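First the structure, in the form of structure tokens, and then the observations on it.
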Amino acid sequence: MIQVKRLGHATFTTPDLDGQVTYYSDVLGLSVVERDKNRAFLATATGIEAIALERGDAVALTRLAFQVAPGSDLAALARDLGGLGIKTERRSAISPGIADAITFTDPKGTSIEIFADYRFARPDSRQSVVTPLRLGHVAHRVSDVEQVVRFYVEVLGFRVSDWRDTTFAFLRCNTDHHSVNFVVDPVPQLHHIAFELKDWPEIHRSCDFLAQNGIRLVWGPGRHIIGHNVAAYHRNPDNVRVELFCEMDQMKDEALGYFDPRPWHQDRPQRPKVWDKDTLRNYWGFGSHGVCPGYP
């Protein structure tokens, strides 16, 4: 079994490469670390690659990159995957910071890129209103949630943080409550992507900045009950739902088995569990009194 340590970057196709580069750099505050006429890589100010964009006919999430422990033997990991019946391919230079990786496909059809060693991008000294720390998590709609969850747990080493009845799973690969989410939908497609910001004041400033740029929120700000992060959602020019969040639940000691206690937790202590299907989306904020019709 592979033991993923963190979510790296997500790769999207877009018919409007220039527009998406402008959005991620000028609005979300990422820096372009490599660009040609058909592709661009963007990283946070701290040098962590977050988004890769490729010119394409439609908007789609095509690849997810995950890091394993630095120095890991990728050839040995490929052999282990082969023993599970998973065909892999060795690839080089998949991004400016990743020289070597193995790739394979998950059950929902997304290409997974596994890398061990990473070269940080040069720090970006440019000042911006929104300054993401990293790509925090990716949520995807799938027709068979249990099948996809089994794959991520048994093959990639994720742990299940929570279920919302049988339709929405939250999985962690490190201290964060979730790095990937899967929700039932008859039409498999991206649900949303999320960037971690430093704190609530930055969420506040970001919401104002989005409004100044003609981008309206579609959900939030609010504190989610599952995961308990403070979050605000908008849609980018490609109609991809983007979450900005902070204060996510943390499990810093797996042996203890509970998330670091916080005043807003429903349980003492808050452990991974199956939440009722009627669990509200938010502890406070939009959606804290039930599901609102027409949620975009």
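The values are calculated or read from the model by the stated rules, or taken from the named source; none is laboratory data. The structure presented is a predicted model; accordingly, all values stated were derived computationally and were not measured. Virtual Cβ from ideal backbone geometry, glycine too; neighbours counted across all protein chains shown. Side chains are part of the model used for accessible areas, which takes the heavy atoms of the whole protein and leaves out ligands, DNA and RNA. Shrake-Rupley method; radii C 1.70, N 1.55, O 1.52, S 1.80 Å.
Worth a mention:
- Stretchable slack from ASP80 to LYS277, in nm (0.36 nm times residue separation minus alpha-carbon distance): 67.2 nm
- Interatomic Cα distance distribution for the stretch 205-296, bins of 10 angstrom, percent: 15, 41, 30, 13, 1
- For the stretch 1-59, the set of trypsin sites (Lys or Arg not before Pro) satisfying both a DSSP loop assignment and a count of at most 10 other C-beta atoms within 10 Å is given as LYS37.
- Links that overshoot a 23 Å alpha carbon limit, given the list LYS5/LYS198; LYS108/LYS273; LYS5/LYS108: LYS108/LYS273
- Neighbour-limited loop hits for trypsin sites (Lys or Arg not before Pro), the stretch 71-173 (at most 14 other Cβ within 10 Å; DSSP other than H, G, I, E, B): LYS87, ARG119, ARG126
- Judged by the ratio a/c of the largest to the smallest principal axis of the C-alpha gyration tensor, the stretch 209-254 counts as prolate, that ratio being 1.5 or greater while a/b is larger than b/c.
- Modelled FRET efficiency - R0 45 Å, SER128 with MET1, Cβ distances, 0.05 increments: 0.70
- Between the residues ALA211, ALA194, VAL145, the greatest Cα displacement towards the positive end of the dipole of the stretch 135-249, with unit charges on the Cβ of Lys, Arg, Asp and Glu, is found for ALA211.
- Within the accessible area of the chain (1.4 Å probe), percent carbon and sulfur: 52
- Nearest-20 debye value, the stretch 1-153 charge dipole, Cβ charges on Lys, Arg, Asp, Glu: 180
- Between ASP16 and GLN189, the C-beta separation translates, for a Förster distance of 25 Å, into a calculated FRET efficiency of about 0.85.
- Accessible area in square angstrom per residue, the chain, 1.4 angstrom probe: 44
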